[in-house]
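The values are calculated or read from the model by the stated rules, or taken from the named source; none is laboratory data. Just so you know, these numbers come straight off a predicted model, no measurement behind them. Every residue, glycine as well, gets a Cβ built from its backbone with ideal geometry; the counts of neighbours run over all protein chains shown. Accessible surface areas use protein heavy atoms only, side chains included; no ligands, DNA or RNA. Shrake-Rupley method; radii C 1.70, N 1.55, O 1.52, S 1.80 Å.
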Amino acid sequence: MELEFLGTGSGQPSKFRNVASLALKLLDERNAVWLFDVGEATQHQILKTTIRPRKIEKIFISHLHGDHIFGLPGLLSSRSFQGADKTEPLTIYGPKGIRSFVNTALRVSDTHLSYPLSFVEIEAGTIFEDQAFRVIALPLRHRMEAWGFRIEEKPHPGELLVERLQADQVPAGPVYGQLKAGQTVTLADGRVLDGKDYLGPDQPGRTIAIVYDTMPTEAAAQLADHADLLVHEATYGTSKEEQKMARAHGHSTVRDATKLAYQAQVGALVLTHVSARYLGPLLTDFISSAKKAFPGTYVARDFDVVDLPMKKAHHDEA
Ligand SMILES: [Zn+2]
């Protein structure tokens, strides 16, 4: 599980930061990539990475401001040119209006996609769930409808304790697979075994919160609660004047983001959606004020990759 920052700027592209986009690479977990926001030229950024558009399975859109969505029609269209077919559907989750934005752009440009495209217009709560993942969306506080996301990986079942099976003289065979799946099985000699007795502890899943454009709000704290990683916008630095600007534009400062990280007790904080004004010494100040407020803070640059390794099982944590 890796996060790759495709665009870390705010408002408009600058020399060093493209507009918002973030890839959650779930290649080991589901051979897929999920995108969070698709600012203009996201597909150009993707060309400089190992991400293949055909692998993009889901796109989550925080809100409909242009710096978060103008890259969508081009990316969707290129995914078609690259041969995505009926077996490679794509789902876009976003605020009301996302369907009409995309469909209008495709219709007017006479673009016909080779793969099924579907939309989920977000309502608060769980917006996606399967056996491995759950995604929760809650409304943030911005100048228009905006959503934050919490991605929860479900626990991985513990490993099969082969030594214990051997000690109990359970002959190897398909029965091992059934026990690993947690089933109860009856052996040829009549013994009944419960798979749970032969599995190590569950490995806890990982949790990521992604909070783009917002002023401080309780919902962001709920999304971030004890997350392993919080990705948060920090459009502005910490001075009084910057704070005023942040509020006027419905945004957060470095201080807002670090305060939230601290309160929610997240494992690490990555700041993104940084204004282009922060360059050179101003960027150095920006980074040091963030690290001072919350030591586990990192200010993302375009193409940074953050790895989230599996956590150890619960019994190892003490
Ligand atoms: Zn915005």
- Criterion: assigned to a loop (DSSP other than H, G, I, E, B), within 16 Å of the ligand (Cβ to nearest atom) and of a type in the set (A, V, I, L, M) - qualifying residue of Leu64, Leu22, Leu113: Leu64
- Item | Test: Leu229 is over 27 Å from Leu282 (Cβ atoms) and open to solvent by less than 60 Å² (accessible area, probe 1.4 Å) | no
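Do you know which residues across region 131-190 are part of a loop (DSSP other than H, G, I, E, B), within 16 Å of the ligand (Cβ to nearest atom) and within 17 Å of the chain's Cα centre (by Cα)? Let's see the steps before the verdict.
The first filter runs over region 131-190 and keeps only residues part of a loop (DSSP other than H, G, I, E, B), leaving 131-132, 140, 142-146, 154-155, 157-159, 161, 168-173, 181-183, 187-190.
Narrowing the set further to residues that are within 16 Å of the ligand (Cβ to nearest atom) leaves 140, 142-146.
Those that are part of a loop (DSSP other than H, G, I, E, B), within 16 Å of the ligand (Cβ to nearest atom) and within 17 Å of the chain's Cα centre (by Cα): Leu140, Ala146.
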- Query: Inside region 236-268, can you point out the residues that are touching a Gly at 6+ places or on another chain (Cβ under 8 Å) and not in a helix (DSSP H, G or I)?
  - Reply: Thr253, Val266, Gly267, Ala268
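Let me confirm something: among Thr272, Thr238, which residue is more than 28 Å from Glu2 (Cβ to Cβ), touching a strand residue (DSSP E or B) at 6+ places or on another chain (Cβ under 7 Å) and hydroxyl-bearing (Ser, Thr, Tyr)? Talk me through it step by step, then tell me what you get.
Details: Thr272 fails: more than 28 Å from Glu2 (Cβ to Cβ).
One residue alone meets the criteria, Thr238.
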- Message: Exactly one condition in (1) closer than 30 Å to Ala300 by Cα; (2) surrounded by fewer than 18 Cβ atoms within 10 Å (Cβ to Cβ); (3) in contact with a helix residue (DSSP H, G or I) (Cβ under 6 Å, 6 or more places away or on another chain) is false for Arg247; which is it?
- Response: (3)
- Matching entry among Ala264, Ala268, Ala234, Ala227 (being touching a helix residue (DSSP H, G or I) at 6+ places or on another chain (Cβ under 6 Å) and more than 16 Å from the ligand (Cβ to nearest atom)): Ala264
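For region 105-140, which positions are of a type in the set (S, T, N, Q) and open to solvent by 60 Å² or more (accessible area, probe 1.4 Å)? Full working, then the answer.
First pass over region 105-140, keeping only residues of a type in the set (S, T, N, Q): 109, 111, 114, 118, 126, 131.
Result: Ser109, Thr126, Gln131.
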- Which one is modelled with the highest pLDDT, of the residues in region 292-318 that are within 30 Å of Gln203 (Cα to Cα) and among the basic types (Lys, Arg)? Lys311
- Residue set Ile92, Ile56; condition open to solvent by less than 10 Å² (accessible area, probe 1.4 Å), more than 16 Å from the ligand (Cβ to nearest atom), among the β-branched types (Val, Ile, Thr) and over 21 Å from Ala146 (Cα atoms); output residue Ile56
- Item | Residues located in region 190-204, provided they are without any contact (Cβ under 8 Å) to a residue 60 or more places away in the chain and open to solvent by less than 20 Å² (accessible area, probe 1.4 Å) | Leu193, Gly195, Tyr198
- Item | Conditions (1) within 16 Å of the ligand (Cβ to nearest atom); (2) not in a helix (DSSP H, G or I): number failed by Ala220 | (2)
- Message: Condition (residue is within 16 Å of the ligand (Cβ to nearest atom) and loosely packed, with under 15 Cβ neighbours inside 10 Å) applied to region 279-301: is it met by at least one residue?
- Response: no
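Looking for whichever is crowded, with 17+ Cβ neighbours inside 10 Å and not basic (Lys, Arg) here; the options are Glu29, Glu40. Which one fits? Steps first, please.
On the way: Glu29 fails: crowded, with 17+ Cβ neighbours inside 10 Å.
Going through Glu29, Glu40 in turn, the sole match is Glu40.
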